[in-house]
Amino acid sequence: MAGAKQHAHWSSRWAFIMAAVGSAVGLGNIWKFPYEANAGGGGAFVLVYLAFVFLIGTPLLVAELSLGRRGQLSPIRSMEKIAKEEGRTNWWSLVGWSGVIGSFIVISFYSVVGGWTLSYVVEAFSGGMTGITKEGAEAHFNSLVTNPVTPLVWHAAFMAITVGIVLRGVEGGLEKAVTILMPALFVLLVGLVIYSGVTGEFTAAVNFLFAPDWSKMNADVALNALGQSFFSLSLALGSIMVYGSYLTKDVNIGKAAITIAGADSAVAILAGLAIFPIVFAFDLSVGKEEGLVFMTLPIAFGQMTGGAVIGTFFFGLLTVAAITSSISLLEPSVSYLEETDKLSRKKAAFIIGIAAFLLGSLSSLGFGVLSDVTIFGKSIIGFKSYITNNLMMPLAGMFMALFIGWFISRKSIMDELAMNESWFRIWYFMIKYICPFAILVVFYNIVFGF
Ligand code: PHE
């Protein structure tokens, strides 16, 4: 079979955990989570989101990692191979296809936002944020994203860095970067929460984020929370499956999944606690969507002593977090092309990188010259995000759960996971019944209303 080429493996369990946390923690936590929470009305969204992370997302993380480790190939071929071994139809490989296509769509717009982040490193460093007002911060963001050329240059730079790392193989330099820089981002975020807490409207922010107003909950908000939980955990796009394929047997997948979900949620909540005190202090809340983080944090950096240095570090570390996610988004398609034996890893990374850059350029221009273009009433980036987060990811996740729960022998998955018996029972129950059912309920409500 094509794909007989052996993948490399992580050099240690720690390296794997860091890479997986690196994939999960990214713009999804610091850029997307706050504006989704804002659009979802705050507390009710956050609580439903956290419930999805732990009740659906974490069991699915275990599922996806174990499929990858068992398959030892790219997502498409791993699914094909396992289905064959279990005597099931080849159609199951569609779960892998959905991941490869979905991750390609996501990287195309992720890199645009990664580019904005990169540009904010330079902006902070050059002192451009010093003393900036609410109006100034809004004007800066708007002039950046509506410009037809500048954001494309940053988008190209971000994609080039991603490709540069991927073509060397994900197990290389990534390891060191992640082990030092991810904890640094965490510490800086805690510092920012304290700063925002002291200078901003902390109580209002805590109330907003944690006191649920259930009248704001409806089927669309629930689907957004579900999509956001998948996006933030890097689920069902093949990234986690590829990372699982580089795993050796001695790693405890259950513990790994809990670590990833815990770290990921902690960063999202910290980001919320850093941003919303400023949002309320400056009355920034309405209709800011994709610009929320980029319009709030510069105000804080602009006011604090040493803000230029701290801001440079913050956006620098955020860029690193985004890159450790974007490489995991490029990896599913690159590993697939590489397996065909016709293309080297280098060529595959270049081809995918250029194609994703071109597709992403449309999302970027969607903020400026193409801002009149809407697809089903959404902007280009909004549309891409909706079909991946809210449709492809939950559906692929549901089929992954069904595959493991109903179409693979219980014994083979038990052997693969080698978990303690009672944990296995709980997990198996979640995967077999709760995950598919819960995802179905959310979809049912979207189609038929509450
Ligand atoms: N989880 C990443 C983030 O929050 C994004 C991502 C999604 C990465 C899916 C890989 C796969 O930024």
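Odds and ends about this structure:
- Taking a ≥ b ≥ c as the square roots of the Cα gyration tensor eigenvalues, the range 338-450 comes out oblate, since a/c reaches at least 1.5 and a/b does not exceed b/c.
- For the range 300-450, the solvent-accessible area of protein heavy atoms averages 45 Å² per residue (probe radius 1.4 Å; ligands and nucleic acids excluded).
- Cα-based helix-to-principal-axis angle, 150-166 vs the chain, degrees rounded to 10: 30
- Peptides ranked, highest mean first, by Cβ atoms within 10 Å: ranges 349-356, 202-209, 81-88: 349-356, 202-209, 81-88
- For the listed peptides 117-124, 62-69, a ranking on the average number of other beta carbons within 10 Å per residue, highest first, reads 62-69, 117-124.
- For Lys32, a cut-off of 18 angstrom between C-alpha atoms picks up these lysines, skipping any fewer than 8 places away in its own chain: Lys288, Lys378, Lys384.
- Helix-only CD estimate at 222 nm, as mean residue ellipticity for the chain, using -39500 (n - 2.57) per DSSP H run (n ≥ 4): -23000 deg cm²/dmol
- Shape class for the range 110-200, computed from the alpha carbon gyration tensor (a ≥ b ≥ c): oblate, with a/c not under 1.5 and a/b at or below b/c.
- The chain: relative contact order as a whole-number percent, Cα under 8 Å and 6+ apart: 35
- Residues of type aspartates and glutamates that Lys342 reaches as a straight line, Cα spacing below 20 Å, ignoring anything fewer than 8 places off in the same chain: Glu80, Glu331
- Net charge in the neighbourhood of Ser232 (other residues with Cβ under 11 Å of its Cβ; Lys, Arg +1, Asp, Glu -1) is -1.
- Highest-first packing order for the peptide set 182-191, 49-58, 298-307, 393-402 is 393-402, 49-58, 298-307, 182-191, based on the mean count of other beta carbon atoms within 10 Å.
- Each Lys and Arg Cβ is given +1 and each Asp and Glu Cβ -1; about its Cα centre, the range 13-447 then shows a dipole of about 1000 debye.
- Shape of the chain, Cα gyration tensor, a/c cut at 1.5: prolate
- Furthest towards positive pole of dipole, Ala83, Leu144, Phe104, structure part the range 66-174, Cβ charges: Ala83
- One Cα centroid belongs to the range 32-71, the other to the range 268-337; the line between them spans 19 Å.
- Selection from Ile299, Met419, Ala321 lying farthest towards where the dipole of the range 13-447 points positive, charges on Cβ: Met419
- Degrees between helix 307-339 axis and first principal axis of the chain (Cα, 0 to 90, nearest 10): 30
- Charge dipole (the range 196-286, unit charges on Cβ, about Cα centre) - positive-most of Ala263, Leu284, Leu226: Ala263
- Cα-based reach from Lys411 at 14 Å (exclusive), listing aspartates and glutamates while leaving out same-chain residues under 8 positions away: Glu85, Glu86, Glu421
- Taking the Cα centre of the range 53-116 as reference, the dipole from Cβ charges on Lys and Arg (+1) and Asp and Glu (-1) amounts to some 140 debye.
The values are calculated or read from the model by the stated rules, or taken from the named source; none is laboratory data. Keep in mind that this is a model prediction, so the values were computed, not measured. No Cβ is skipped: glycine too gets one built from the backbone with ideal geometry, and neighbour counts run over all protein chains shown. Just the protein is used for accessible areas: all its heavy atoms, side chains included, with ligands, DNA and RNA removed. Shrake-Rupley method; radii C 1.70, N 1.55, O 1.52, S 1.80 Å.
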